[in-house]
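The values are calculated or read from the model by the stated rules, or taken from the named source; none is laboratory data. None of these values were measured; they are calculated from a predicted model. Cβ placement follows ideal geometry from the backbone for every residue including glycine, while neighbour counts extend to all protein chains displayed. Keep in mind that these areas ignore ligands, DNA and RNA; they rest on the heavy atoms of the full protein, side chains included. Shrake-Rupley method; radii C 1.70, N 1.55, O 1.52, S 1.80 Å.
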Amino acid sequence: MDDILKQIYQGIVEGQQDAVTAGVAAALQAGLPARTILDDGMLSAMAEVGRLFEEGECYVPEMMISARAMKAGLAKLQPHMKQSNVQAAGIVALGTVKGDLHDLGKNLVGMMLEGAGFTIKDLGVDVPPERFVTAADEVDVIGLSALLTTTMGSMKTTLDALDAAGKRPKVKVIVGGAPITEDYARHIGADGYASDASRAVALAKSLISATE
Ligand code: B12
């Protein structure tokens, strides 16, 4: 791995925010594509943090510090992920479902969608179904994120709330997050599932063009 990417990777695993932001700046300066920095330096590091946690080699506080370093790195990378000549593509409300506080994946999906011309309404984390119901009037697509197996059910609750409020036909609902699968998405009646942020962009685009 490139030395700068190694610095970013190590910085995230060890939770050193300054090393990560300096590394991202250096990598951009060296002309490395934002995509490579994200995939090889950052996402792989977060996966390693997850592995360490699973193996009992790190705990929640360390995970939090790593997440903070990752967030700082993402903020540095964000302006470089916008594509040129993009046209307004639609409005997407994004939120992490009730009970769940993980937001790195949701934020990344938001960044990529924004880069592709979508307007993002970020509803934050631990979002109750009613907030999504309210947002449904103002957006074309609602994106639900869940990282915990225990909060996957909140996706179904949210879809049920949209249905009960008569809002379901108005919006497309897409879902994602580490424990979510295509099958689960179909099972709860979502309009689509994407396993990562790039696929989320393609999915949102295809759903919007299908309604035009
Ligand atoms: C960082 C982290 C945390 C941080 C979160 C900080 C933050 N601001 O997000 C903190 C420390 C707060 C945390 C807390 C907890 N965590 Co945690 N966490 C993680 C970790 C290490 C990384 C997650 C991450 O950010 N990945 C990087 C992002 C970019 O990837 P992503 O989220 O998967 O998103 C991508 C795709 O999934 C997709 N996507 C995501 N959302 C959406 C939405 C849409 C619409 C679409 C289309 C696509 C999409 O696109 C994204 C970009 O490519 C994971 C391990 C892992 N491997 O996932 C554990 C993990 C998710 N956590 C776990 C656990 C258990 C917890 C706690 C319960 C721990 C505890 N005992 O307190 C708490 C729960 C708190 C809560 N109520 O939410 C478990 C979950 C196990 C399970 N089966 O449910 C995991 C899997 C760790 C493990 N291996 O055991 N965590």
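Between region 127-187 and region 7-65, the alpha-carbon centres lie 29 Å apart. Rounded to whole Å, the principal axis extents of the Cα atoms in region 1-40 read 24, 15, 15, largest first.
Diffusion coefficient (Stokes-Einstein, Kirkwood radius over C-alpha pairs, 37 °C, 0.692 mPa s) for region 25-138: 209 µm²/s, rounded to a whole number. Select from Asp191, Asp126, Asp183 the residue whose mean-square fluctuation is largest in a Gaussian network model of the chain (Cα-Cα springs shorter than 10 Å). Of Asp191, Asp126, Asp183, the Gaussian network model singles out Asp183 as fluctuating most. Net charge of the neighbourhood of Ala30, taken over other residues with C-beta under 11 Å away and scored Lys/Arg +1, Asp/Glu -1, is -2. Every pair of different Cα atoms in region 106-201 enters the Kirkwood calculation, which places the hydrodynamic radius at 13.3 Å. Taking 7 Å steps out from each Cα toward its Cβ at Arg186 and Met64 produces label points 4.0 nm apart.
Tell me the trypsin sites (Lys or Arg not before Pro) within region 51-123 that lie in a loop according to DSSP and have at most 16 other beta-carbon atoms within 10 Å.
Filter output for region 51-123: Lys82.
Within the full protein context, the accessible area of Ile91 is estimated at about 60 Å² for a probe radius of 1.4 Å. Dividing the convex hull volume of the alpha carbon atoms of the chain by its residue count gives 113 Å³ per residue.
When a 1.4 Å probe is rolled over the protein heavy atoms, the share of accessible surface on the chain that falls to carbon and sulfur comes to 52 percent.
Quick one: net charge around Phe118, please, counting Lys, Arg +1 and Asp, Glu -1 for every other residue with C-beta under 9 Å from its C-beta.
It works out to a net charge of -1.
Accessible surface computed residue by residue for region 100-212, with neighbouring protein chains in place and a 1.4 Å probe, gives 45 Å² per residue.
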